[in-house]
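Each remark here refers to the structure printed beneath this line.
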Amino acid sequence: MESMKLSRLLCRAKLWFSCRSLSSSIARSQRATARKEEFRSRVAAGPHLKDFVNPVPVAPDPSSVEDDDDLPHYITDSPSLIYNKVYFETYGCQMNVNDTEIAWSILQKSGYIRVNSATEADAILLVTCSIREKAEQTIWNRLKQLAFMKQKRGKSQGPLKIGLLGCMAERLKEEILQREKAVDILAGPDAYRDLPRLLSVAESGQQAANVLLSLDETYADVMPVQTSSNSISSFVSIMRGCNNMCTYCIVPFTRGRERSRPVHSILEEVRMLSSQGVKEVTLLGQNVNSYCDTSAVQFPTTETSPLSRGFSTIYKPRQGGLHFVDLLDQVSRIDPEMRIRFTSPHPKDFPDEVLHLIRERHNICKQIHIPAQSGSSRVLEAMRRGYTREAYIDLVQNMREHIPGVSLSSDFITGFCQETEEDHQQTLSLLREVSYNAAFLFAYSMRKKTKAFHRMNDNVPPEVKKRRLEELIAVFREEAEKVNQRAVGSTQLVLVEGVSKRSSSDLCGRNDGNTKVVFHDHSIASNSLENDVRARPGDYVLVKIISSSSQSLRGRFLGLANLQSSPAYS
Ligand code: 5AD
Ligand code: SF4
């Protein structure tokens with residue numbers, strides 16, 4: 001047993017620090033040789049077995065982040081960089097956008113420079129997604145192009161390094177280094193703090209990998225650097241990982257166990273964003289509403305049960321600690337002019353207290369994502385979602401009773417193992433019954449390691465999956481068209497994002513329900529102000545809705561507004 005453990009640890013150690021010499025053809029200057037020497041001595045003083053037994057880094061006390069002595073001794077915070085220009089490419093979900101900001105924040109502190117094009121870069125870092133086969137195929141194709149670019153690179157530019165970050169690095173580990181020789185760096189979702197060292201190893205001509213998952217890494221002290229030019233809305237990561245183990249899903253394997261970021265660091269980030277003029281914050285996490293900060297002082301909570309009625313989990317729900325409802329309460333009190341949203345929740349974690357808070361707090365958007373995945377109880381059980389169709393519908397009704405006018409959105413997977421026509425019809429009927437404002441619809445994609453891969457039969461043929469997906473899309477659109485049609489004639493509070501992509505004479509923004517609203521950009525006379533008023537990005541405005549489609553609303557600009565004194569819709 002012990003020897004098995006040891007060999008597993010050594011195996012991990014090998015993965016963590018996989019180094020292979022590159023060809024001797026890379027001619028180096030004396031300075032580079034000196035750097036190699038320095039690097040070798042760092043490697044000699046590098047990680048020991050204990051570093052893997054107690055994986056680094058443990059989420060540090062934020063007060064200590066400026067102190068280099070607190071970093072593991074083999075991670076240098078200030079490498080003498082020669083090739084220091086990095087270029088990021090982000091694939092997949094919003095979590096990956098946030099991860100890019102975290103990774104960049106870490107590299108920036110270590111003296112790296114971010115460039116805007118791959119051709120200028122010394123290192124190209126792809127932040128990857130593994131959720132479906134198609135997402136991975138996109139990365140493999142991109143790697144082929146990058147390998148070619150690497151070969152063609154002129155000597156004067158120095159060697160180009162390619163790094164794979166995030167879920168795909170975690171899922172495929174060493175297989176990538178063997179399969180795609182162009183890859184120099186692998187960093188799993190919990191290894192971004194190690195990026196300066198990994199880049200430094202790669203620069204010396206060796207491959208480097210760290211794919212250790214952590215039980216407690218939340219990057220709580222790393223303030224993400226906002227990369228979007230749109231500083232109106234922002235995403236704040238509040239938890240990482242997922243314990244739900246839905247049978248089709250790779251996320252628990254690539255992003256590891258669920259852990260929540262301490263409340264104080266979330267509040268600090270939201271305050272900072274508010275002071276920078278950000279008007280909308282979306283709290284982010286794989287199972288965002290199972291947030292629980294067990295390190296926080298326990299508030300006397302009135303929460304009845306952490307689980308919604310008719311829902312179960314495969315793990316014991318946590319009691320105590322600071323729950324999602326408390327966090328949402330505190331975040332929404334920071335800035336009354338800041339809209340708050342959250343994604344992606346699990347239907348099991350919607351106790352009534354969360355719904356009450358959403359109804360009562362003017363700046364928490366009346367918009368909820370409730371991923372259903374299927375409308376058939378039989379399929380839901382095979383997916384291990386922890387609820388039946390009936391429990392899900394009860395939850396939807398409960399939400400609508402608590403929050404009149406609430407906008408609902410969902411995720412669905414079609415063609416899961418052994419899904420019959422009857423199951424499929426049930427999903428179509430759920431789409432009709434709920435009438436979602438938005439939906440993300442996917443064909444099932446078998447992922448290795450998952451329970452479905454090991455125990456079930458992916459027996460729905462691709463053409464059937466495709467046809468069922470098209471049917472889901474058609475029904476969803478039909479319903480969304482009706483939902484949006486009902487908004488015609490109402491006045492909506494819209495947060496302006498910028499110029500419409502379709503026409504430079506239009507502005508566009510989002511209403512409280514997160515539906516896109518487009519309106520003509522022009523000045524109008526104001527009753528209370530001497531000058532005419534015109535909407536600008538970042539303003540809240542009132543828009544009278546005059547037409548709709550399944551995707552968006554079109555309206556007439558009525559005037560400037562604010563969040564506190566304007567109803568979201570009337
Ligand atoms: N195949 C297809 N879709 C999937 N999702 C997760 N895993 C798979 C898979 N193997 C979808 C789910 C989830 C969303 C983020 O991606 O609908 O909610
Ligand atoms: Fe995947 Fe299920 Fe976790 Fe969502 S809740 S990330 S679908 S395992």
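Details
- Test: residue in the range 165-174 that is in the same structural domain as Ile131 (by TED's automatic domain parsing) and surrounded by fewer than 20 Cβ atoms within 10 Å (Cβ to Cβ): yes
- Scanning the range 345-403 for residues that are open to solvent by 10 Å² or more (accessible area, probe 1.4 Å), away from ligand 2 (no atom under 16 Å from the Cβ) and among the polar types (S, T, N, Q) yields Gln367, Ser377, Thr388, Gln397, Asn398.
- Output for the range 484-509, where each listed residue is crowded, with 18+ Cβ neighbours inside 10 Å, touching a Ser or Thr at 6+ places or on another chain (Cβ under 9 Å) and free of Cβ contacts under 8 Å to residues at least 60 places away in the same chain: Leu507, Cys508
For (1) in a helix (DSSP H, G or I); (2) aliphatic (A, V, I, L, M); (3) within 16 Å of ligand 1 (Cβ to nearest atom); (4) closer than 30 Å to Leu563 by Cβ, each residue gets a yes or a no:
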| residue | (1), (2), (3), (4) |
| --- | --- |
| Gly320 | no, no, no, no |
| His362 | no, no, no, yes |
| Tyr387 | no, no, yes, no |
| Arg400 | yes, no, no, yes |
| Ser409 | no, no, yes, yes |
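- Every residue from the range 244-274 that is part of a helix (DSSP H, G or I), open to solvent by 30 Å² or more (accessible area, probe 1.4 Å) and within 16 Å of ligand 1 (Cβ to nearest atom): Phe253
- The single condition from (1) part of a loop (DSSP other than H, G, I, E, B); (2) out of contact with any Asp or Glu (no Cβ under 8 Å at 6 or more places or on another chain); (3) crowded, with 18+ Cβ neighbours inside 10 Å that Val541 fails is (1).
- Any hit, the range 199-212, residues being out of contact with any His (no Cβ under 8 Å at 6 or more places or on another chain), farther than 26 Å from Gln330 by Cβ and within 16 Å of ligand 2 (Cβ to nearest atom): no
- Residues that are of a type in the set (A, V, I, L, M), under 18 Å from the mean Cα position of the chain (by Cα) and either within 16 Å of ligand 1 (Cβ to nearest atom) or not in a loop (DSSP other than H, G, I, E, B) (or both) are absent from the range 191-210 altogether.
- Residue check, Lys161 surrounded by 22 or more Cβ atoms within 10 Å (Cβ to Cβ), in contact (Cβ under 8 Å) with a residue 60 or more places away in the chain and either over 17 Å from Cys93 (Cβ atoms) or in contact with a strand residue (DSSP E or B) (Cβ under 8 Å, 6 or more places away or on another chain) (or both): yes
- Per-region count, the range 155-180, residues assigned to a helix (DSSP H, G or I) and β-branched (Val, Ile, Thr): 1
- Some residue of the range 214-228 being open to solvent by less than 10 Å² (accessible area, probe 1.4 Å) and either within 16 Å of ligand 1 (Cβ to nearest atom) or acidic (Asp, Glu) (or both): yes
- A Cβ distance below 8 Å, combined with a sequence gap of six or more or placement on separate chains, defines the contacts here; from the range 458-471, residues that are at pLDDT 95 or above reach residues that are open to solvent by 70 Å² or more (accessible area, probe 1.4 Å) in the pairs Asn459/Gln418; Val460/Gln418.
- Selection of the range 275-288 for residues being open to solvent by 10 Å² or more (accessible area, probe 1.4 Å) and either over 21 Å from Thr100 (Cβ atoms) or within 16 Å of ligand 2 (Cβ to nearest atom) (or both) yields Ser275, Gly277, Lys279, Gln286.
The values are calculated or read from the model by the stated rules, or taken from the named source; none is laboratory data. Since the structure is predicted, the reported quantities are computational estimates derived from the model, not experimental observations. Glycine gets a Cβ as well: all are built from the backbone with ideal geometry, and neighbour counts include every protein chain shown. Protein only, heavy atoms only, side chains kept; ligands, DNA and RNA dropped before computing areas. Shrake-Rupley method; radii C 1.70, N 1.55, O 1.52, S 1.80 Å.
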